[in-house]
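The values are calculated or read from the model by the stated rules, or taken from the named source; none is laboratory data. Quantities reported herein were computed from a predicted structural model and do not represent experimental measurements. Glycine gets a Cβ as well: all are built from the backbone with ideal geometry, and neighbour counts include every protein chain shown.
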Amino acid sequence: MSTTNQIQNPDGSPEPEFPKEHYLNASHGLKSWLLTTDHKRICILYLVSISFFFALGGIYAGLIRLELVTPAGDLFQPDTYNRVFTMHAILMIFFFLIPSIPATLGNFLIPLMIGAKDVAFPKLNLASWYMYVIGASLTLFALVTGGVDTGWTFYTPFSTTYSNTFVTTVAIGIFINGFSSIFTGVNFLVTIHRMRAPGMTWFRLPLFIWSHYATSLIMVLGTPVIAITLLLVGFERMFGFGFFDPALGGDPVLFQHLFWFYSHPAVYIMILPSMGVISEIIAAFTRKAIFGYKFVAFSSMGIAIIGFLVWGHHLFLSSQSVWAGLIFSFLTMLVAVPSAVKVFNWSATLYKGSIDYTTPMFYALGFLGLFTIGGLTGLMLGTLGLDIHMHDTYFVVAHFHYIMVGGAIMGYLGGVHFYWPKITGRLARGFWPHMSALLIFVGFNLTFFPQFILGYLGMPRRYHAYPDEFQVLHVLSTAGATVLALGYMLPGFYLLWSLKYGKVAGNNPWKAAGLEWTTTSPPSLHNFESMPVVDFEPYEFYPPQYDSAEAAEPVTGAEPAPSTT
Amino acid sequence: MISFEIPKLFDFDVPLFPESASTFAPQVDALYFFTLALTAFFTLLIFVGVLFLFIKYRRKSEDEMGEPIHGSLVLEIAWSIIPFIIVMFLFAWGAHVFLVGMRTPEDAREYLATGKQWMWKFQHPEGHREINTLHVPVGEKIKLTMTSEDVIHSFFVPAFRVKQDVLPGRYTQVWFEATKPGSYHLFCTEYCGAEHSQMIGTVYVMEPDEYEDWLAGGIVGSSPVAAGADLFRQYACNTCHENEDNLRGPSLVGIAGQEVRLEGGGTTVRDENYLRESILRPSSKMVEGYLNLMPTYQGQITEEGVAHLIAYIKHLGQEDESSETVASAETATGH
């Protein structure tokens, strides 16, 4: 069948045809989707579910920005406002950002990139989606019946003793959802270890795989801790066990340690996969190997490992000892080094590249800029003396949105645009996709840059009403959020449109390197016609195994790149 | 407040920088301006660099390939070592400022502060009480010994650049020396429930003579020390704790802030948190050589009463000295 599916060629060779058999038409009916064990279909299941929660979380974000247009708390009751920002964070973090890239692009691409038929445990993969759905449904149930007002951080003893909202239900929802994360992590680790095609050595892995390996480690080692912690909160609420409430003989700061032991590394669960996507995009659209491949690969591992040791930087003012503060600040500073290494290497990859101006590349550029600002302001917050003033202000809000929205979501959307032709077999490019990247970049900065200033002025987080002098900056921020919302809605339209009207993509519309581009788009049920054998280095453009006539064309500078050292 | 005035076009200013009104504020601000310059430098470096390369190396023809460049060990080492040196410098400077903020000066005037949903209660050393306002004299070191009656709160005065979480079941301290008379925002910065954003107040910094007038005008209750002395008699603490050690209990004169050996080995510093624990749960840390005779006072003395008793105990044996008790950074935040 692949003989009919030729690489699209602008100079007159035949337009590619849509493959006749592929994973989307391998079987039919709702049951074939709900009981599928195909990693590619599970990607679609996740893509649909997390898009729903992204939209819902986005609506909550809009409500927050609407309330904050005026200094007085006049749109919502304080109780309502507290539920709104809590639900915004819980939906966005646990049901969108954490599963986002791994559960969609990771699921789809890891077997394709390493030349496997599927992940190591296909049924576990489906179970992970069901865990997600059950956890998310419980949380939605709590949301509909009254919501939660503890903030996504569930700080005790407020969450255990004082809050009269559905804390236990949501805690159980997140507990169950944690298993989806653990299942995905275990699956990826085993798949990457055991299912690589012949010749796919560790240093021939795309950097996307390295970053997912690091992410999976965090998922497997960190998630149980948040699960246990939330269970303890549930026990304290239901049975009055005194883990955290001093009135019952507990220690409220213990909760903060347990919570951030997972929740800080969780930030790396969100950003590392994005970094993997950025490496793929930059390589494809510069037609160059990523500068310093091994340094970028190991910096992912470095970030994952050091990331486990920095949780105490959320507790500098919590009454944790001054010595602990010093150690956690020191370790936090160390994370800056592998992060800086990545940014410098990506930037250096552009040097003498052949840069194609495509939508994924614009998203990648946006990522570079926003992640740089997010990282450097994180450094400011990790600086002990400065954190005294900035802690729990809008400076923190701005900082983590630069990482989690500016970084993680730019990477996610860049990845969705980049792999859309592979997933659906259709192209979505041109004016509107470019426009979405631009709107998101501009809207994002207008939304969150004023919040840095607000933070240093002293505007605290989670405030429903605020002093008059902060209004101008809040209005700017809300104006930005409006632009940002438009930017996020655009892809929803043109991506769906492309499913029917988009041009047929062909195997490799971007002329990118990597095994995933050698198979049909969309791929067949078993991904490859025969077991691929890897005899090329990562990001080797026009390597010999491209059997189309094009690979043989004499192209200036098209010599296979020498192997990385 | 320093602000950027938008000329003519609009009828408002964009505030950019907060008022600076304490001795600590310039130290934080110096750090802020340094890190801001650093952030701006690297952000511009990346933005300008990336844009330059992006434009310069735009694909010229459909068949063009990137040059096969795979890396440079020298560059990798350079851009690992240079950021490492910068962040270590940042760490050291930040730690220095942090220690200044966390080490409460010995000669500070001690106020008591209690956070509860959703208000701040303060008591002056002379006994004056305030809710959601705090009057302090300019140019004098002020320390607040703080606790919470319910959930975790956080004491934040942006103009002073000071912040400290306020927890139930333990004491934390914050200190500042105001440099400019005026009124300043006080915010709760740890989310504490429905009216979190109403748990705000004002700190009034006054000239010393105005402050004296203010004190003279108020309704004065007993000072914390005097109230503590009353409680000490009322609960008959002096039956066991006399001026000299006796068989039933150790003397409490001059013990505050001192190290003591514990029954079963080890030592501890008798700071506010130790004294609090020993009043509420005496059996948890026994002084070496004593039996577990003291009853628990958990639930019998109010949070404020405990603070007053501690003020009295700290005062014991210090009548002749002008300085208040020592509270180092560790003791202020210890467990």
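Before moving on, here are some points about what is shown:
- Just one of the listed residues (A:Gly199, A:Gly242, A:Gly173, A:Gly234) is on the phi > 0 side of the Ramachandran plot and more than 20 Å from the chain's Cα centre (by Cα), namely A:Gly199.
- Check on A:Ile42, closer than 30 Å to B:Met199 by Cβ, out of contact with any Asp or Glu (no Cβ under 7 Å at 6 or more places or on another chain), at pLDDT 95 or above and not acidic (Asp, Glu): no
- Close pairs (8 angstrom Cβ cut-off, 6 or more residues apart or separate chains): aliphatic (A, V, I, L, M) in region A:380-401, surrounded by 24 or more Cβ atoms within 10 Å (Cβ to Cβ) and part of a strand (DSSP E or B) anywhere: A:Ile388/B:Lys163
- Single residue of region A:142-159 satisfying the filter (of a type in the set (Gly, Ala, Ser) and more than 8 Å from chain B (Cβ to nearest Cβ)) that is farthest from A:Phe96 (Cα to Cα): A:Ser159
- Filter result (surrounded by 24 or more Cβ atoms within 10 Å (Cβ to Cβ), touching a residue at least 40 places away in the same chain (Cβ under 8 Å) and at the interface with chain A (Cβ under 7 Å from one of its Cβ atoms)) within region B:143-171: B:Val151, B:Ile152, B:Pro158, B:Arg161
- Residue list for region A:23-43, filter: in contact (Cβ under 8 Å) with a residue 40 or more places away in the chain and either in contact with a Cys (Cβ under 8 Å, 6 or more places away or on another chain) or surrounded by 20 or more Cβ atoms within 10 Å (Cβ to Cβ) (or both): A:Tyr23, A:Thr36, A:Asp38, A:His39, A:Lys40, A:Ile42, A:Cys43
- Being over 22 Å from B:Glu303 (Cβ atoms) and of a type outside the set (D, E, K, R) is a description that does not apply to B:Pro282.
- Scanning region A:404-423 for residues that are surrounded by fewer than 24 Cβ atoms within 10 Å (Cβ to Cβ) and either modelled with pLDDT under 95 or closer than 22 Å to A:Thr332 by Cβ (or both) yields a count of 2.
- Check on A:Gly178, crowded, with 19+ Cβ neighbours inside 10 Å and assigned to a loop (DSSP other than H, G, I, E, B): no
- A single entry from A:Lys294, A:Lys352, A:Lys288 fulfils the requirement of being at the interface with chain B (Cβ under 7 Å from one of its Cβ atoms), surrounded by fewer than 21 Cβ atoms within 10 Å (Cβ to Cβ) and either at negative phi or not small (Gly, Ala, Ser) (or both): A:Lys352.
- Residues within region B:172-192 that are among the small types (Gly, Ala, Ser) and either touching a Lys or Arg at 6+ places or on another chain (Cβ under 8 Å) or crowded, with 21+ Cβ neighbours inside 10 Å (or both), tallied: 1
- Helices (runs of 4 or more DSSP H) lying entirely in region B:202-304 (those with 2 or more residues that are exposed (fewer than 14 other Cβ atoms within 10 Å of the Cβ)): B:208-217, B:224-234
- Contact annotation: residue pairs with Cβ atoms under 8 Å, 6 or more positions apart or on different chains, pairing a residue in region A:134-161 that is on the phi > 0 side of the Ramachandran plot with a partner that is among the small types (Gly, Ala, Ser) and not in a loop (DSSP other than H, G, I, E, B), are A:Gly151/A:Ala89; A:Phe154/A:Ala171.
- Unmet requirement for A:Thr139, which otherwise passes all of (1) surrounded by fewer than 23 Cβ atoms within 10 Å (Cβ to Cβ); (2) away from every other protein chain (no Cβ under 14 Å): (1)
- Verdict on A:Lys511 being at pLDDT 80 or above and in a loop (DSSP other than H, G, I, E, B): yes
- Leading residue by the ranking (nearest to the other protein chains (Cβ to nearest Cβ)) among those in region A:45-81 that are in contact with a His (Cβ under 7 Å, 6 or more places away or on another chain) and closer than 22 Å to A:Ala266 by Cβ: A:Ile64
- Restricting attention to region A:455-506 and to residues that are more than 9 Å from chain B (Cβ to nearest Cβ) and over 30 Å from A:Ser51 (Cα atoms), the residue that is surrounded by the fewest Cβ atoms within 10 Å (Cβ to Cβ) turns out to be A:Asp468.
- Of all residues making up region A:238-253, the number that are in a helix (DSSP H, G or I) and more than 14 Å from every other protein chain (Cβ to nearest Cβ): 2
- Tally, over region B:127-170, of residues that are acidic (Asp, Glu) and more than 22 Å from A:Ser159 (Cα to Cα): 2
- Here A:Ser163 meets the list (1) away from chain B (no Cβ under 14 Å); (2) modelled with pLDDT under 95 almost entirely, failing just condition (1).
- Single residue of A:Leu143, A:Leu124 found to be out of contact with any strand residue (DSSP E or B) (no Cβ under 8 Å at 6 or more places or on another chain) and at pLDDT 95 or above: A:Leu124
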